[in-house]
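Okay, structure first, notes after.
Each reported figure results from applying straightforward, stated rules to the coordinates on display, with no laboratory input. Everything numeric in this text was worked out from a predicted model, so none of it was measured. Positions of Cβ are generated from backbone atoms using ideal geometry, with glycine treated the same way; all protein chains shown enter the neighbour counts.
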Amino acid sequence: MSSSKFQKLFKPFQVNKVTYKNRIVSAPMTFSLSALDPQVAEKSYRKVESRAKGGVAAVIVGETDINFTDADRLPFPNVDFTVCEGKSFDAFSEYSNRIHKYGAVAICELSHAGSEKIPFKGQKNPIGPVAFTTSKGIRVEAMTQDDMDRVANEFAIAAKFMQKAGFDGILIHGGHGFLFTQFLSPRLNTRTDMYGGTLANRAKFPLAILKRIREITGKGFIIDVRLSATEGVPGGVTVEETGGFCKMMEGIADSVHISTGLYTDPIVTHQFSSMFV
Ligand SMILES: Cc1cc2nc3c(=O)[nH]c(=O)nc-3n(C[C@H](O)[C@H](O)[C@H](O)COP(=O)(O)O)c2cc1C
């Protein structure tokens with residue numbers, strides 16, 4: 001690597017009140033909740049710790065469902081994010097400790113799968129911007145105002161939990177076709193009320209989530225937002241609209257983490273780069 005080409009790569013910079021020692025961030029990879037299984041807990045910690053040890057400025061611990069009713073994608077043990085003590089809390093504190101040990105910034109990703117969720121036995125239908133039946137035959141219910149208020153609050157409660165567990169910030173999983181993108185996408189959000197239509201309307205619920213997190217966690221906590229700049233499918237979110245949404249987040253979120261594509265079609269939409277990209 002020619003140092004003349006990458007003048008800034010190893011220079012520190014500041015996000016909110018936190019100094020990143022360089023410009024390299026380790027993206028979220030795999031589910032944080034694996035640490036709740038004693039058989040793989042140590043491996044989960046070491047997987048995160050080794051990334052910090054490698055010298056990146058920040059390590060993002062991957063997908064953390066914000067509830068265990070309509071947000072969760074895999075049947076991990078449930079966490080009560082209102083309880084900031086005990087086994088689950090200790091597991092998340094261990095992640096942040098291992099990251100801090102090497103001078104890296106600790107960020108935890110919070111996610112809600114929205115209409116991408118497949119219900120487990122006994123769970124209600126998934127929720128999303130509008131009611132429809134998925135290609136797998138699963139009925140998705142349109143979110144009500146109460147659902148939106150609850151979900152925004154649950155994001156904030158989980159964020160507060162992470163703050164108390166020693167994380168410097170959270171990353172909202174707003175990419176790859178999850179709830180955020182589902183609201184932002186003109187393809188998926190065809191609501192006819194104040195939450196659908198123009199970009200300003202489609203952005204209202206995502207912005208409400210961010211504002212609620214800021215209210216609960218305060219000024220100094222990093223709010224990072226992962227977005228798919230484009231969904232990579234016809235009628236989906238475009239780079240221009242993502243740029244417009246980023247402007248709307250100014251003053252609420254601290255940083256934007258740009259990804260791309262959809263989980264439902266990861267190779268074609270470039271969510272995971274194939275060797276041909
Ligand atoms: C094993 C694995 C697990 C991943 N888990 C997550 C995750 O928890 N949250 C997330 O937002 N992205 C996740 N990703 C996506 C990556 O953060 C990244 O966006 C993707 O690998 C594309 O980047 P690349 O082309 O550099 O691999 C995961 C990727 C891999 C390979």
*Mind checking which lysines have their C-alpha under 21 Å from residue 53, skipping anything on the same chain fewer than 8 residues away?*
8, 11, 21, 43, 101
*At q = 0.09, 0.16, 0.17 Å⁻¹, what is the base-10 log of I(q)/I(0) for the chain according to the Debye formula with one equal point scatterer per Cα and no solvent? Please give it to two decimals.*
-0.41, -1.33, -1.49
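Using the Kirkwood formula on the Cα atoms of the range 45-196, what hydrodynamic radius do you get, in angstrom to one decimal? Each step should come with its number before you reach the end.
Numbers: mean 1/r = 0.0607 Å⁻¹.
Evaluated on the range 45-196, it is 16.5 Å.
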*Cross-link partners among lysines for residue 204, C-alpha distance below 18 Å, same-chain residues fewer than 8 apart left out?*
247
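Which of the trypsin sites (Lys or Arg not before Pro) found in the range 1-48 are in a DSSP loop and have at most 13 neighbouring Cβ atoms, other than their own, within 10 Å?
On the way: sites: 5, 8, 17, 21, 23, 43, 46, 47; in loops: 5, 8, 17, 21, 23.
Hits after loop and neighbour filter: 5, 8, 17.
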_Neighbour cut-off at most 14 other Cβ (10 Å), DSSP loop, trypsin sites (Lys or Arg not before Pro), the range 91-170_ = 101, 121, 124, 136
*Whole-Å semi-axes of the range 89-155's equivalent ellipsoid, largest first, each the root of 5 times a Cα gyration tensor eigenvalue?*
33, 14, 11
